[in-house]
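J.: Can you keep this structure in mind? I'll have questions shortly.
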Amino acid sequence: MAEAKIQLFDSDLQELAQLYKALAHPARLQILKFLASKNACFSGDITEEVPLGRTTVNQHLGELKKAGLINATPNGTKTNYCLKPEIVTKLKELSLKFFDDLRSEEYINC
């Protein structure tokens with residue numbers, strides 16, 4: 001039932017809400033910042049970069065992958081993790097549009 005109600009909102013708001021949901025944990029934000037700082041795919045164990053256990057980090061990586069923000073490609077015993085720049089760009093564009101829509105010079109003091 002909740003899924004049907006989501007369809008009542010425009011596609012940009014739906015997509016933005018899904019991306020924000022994926023960003024709603026500091027560990028996921030730290031993972032994204034770490035991957036962005038590499039300017040390339042990172043092959044290795046991200047648990048060395050995030051102060052959480054392997055299982056927890058893997059769950060966060062799974063949420064980021066599910067949201068389309070990263071790729072995770074097995075490479076032997078390691079995994080290559082990469083940001084998906086087109087999705088990061090889309091997130092930025094949707095966010096800027098959303099916050100521009102909230103900005104008004106005619107706010108009423110409540």
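J.: Only one residue in F99, F34 is open to solvent by less than 70 Å² (accessible area, probe 1.4 Å), assigned to a helix (DSSP H, G or I) and without any contact (Cβ under 8 Å) to a residue 40 or more places away in the chain. Which one?
T.: Working: F99 fails: open to solvent by less than 70 Å² (accessible area, probe 1.4 Å).
Criteria check complete, one pass: F34.
J.: Is it fair to say N39 is out of contact with any His (no Cβ under 9 Å at 6 or more places or on another chain), under 30 Å from F98 (Cβ atoms) and surrounded by fewer than 12 Cβ atoms within 10 Å (Cβ to Cβ)?
T.: Details: out of contact with any His (no Cβ under 9 Å at 6 or more places or on another chain): yes; under 30 Å from F98 (Cβ atoms): yes; surrounded by fewer than 12 Cβ atoms within 10 Å (Cβ to Cβ): yes.
When the stated conditions are applied, N39 passes them.
J.: How many residues does region 60-76 contain that are open to solvent by 30 Å² or more (accessible area, probe 1.4 Å) and closer than 16 Å to Q18 by Cβ?
T.: 5
J.: Pull up region 37-81, narrow it to residues that are among the hydroxyl-bearing types (S, T, Y) and in a strand (DSSP E or B), then point me to the one that is modelled with the lowest pLDDT. Break it down stepwise before answering.
T.: Looking only at region 37-81, we keep the residues that are among the hydroxyl-bearing types (S, T, Y), and these are 37, 43, 47, 55-56, 73, 77, 79, 81.
Remaining after also requiring in a strand (DSSP E or B): 43, 73, 79, 81.
Working: S43: 86, T73: 91, T79: 89, Y81: 94.
Restricting to residues being among the hydroxyl-bearing types (S, T, Y) and in a strand (DSSP E or B), the top hit is S43.
The values are calculated or read from the model by the stated rules, or taken from the named source; none is laboratory data. These figures come from a predicted structure and were not determined experimentally. Here the Cβ is made from the backbone with ideal geometry for all residues, glycine too, and neighbour counts use every protein chain on show. All accessible areas refer to the heavy atoms of the entire protein, side chains included, with ligands and DNA or RNA removed. Shrake-Rupley method; radii C 1.70, N 1.55, O 1.52, S 1.80 Å.
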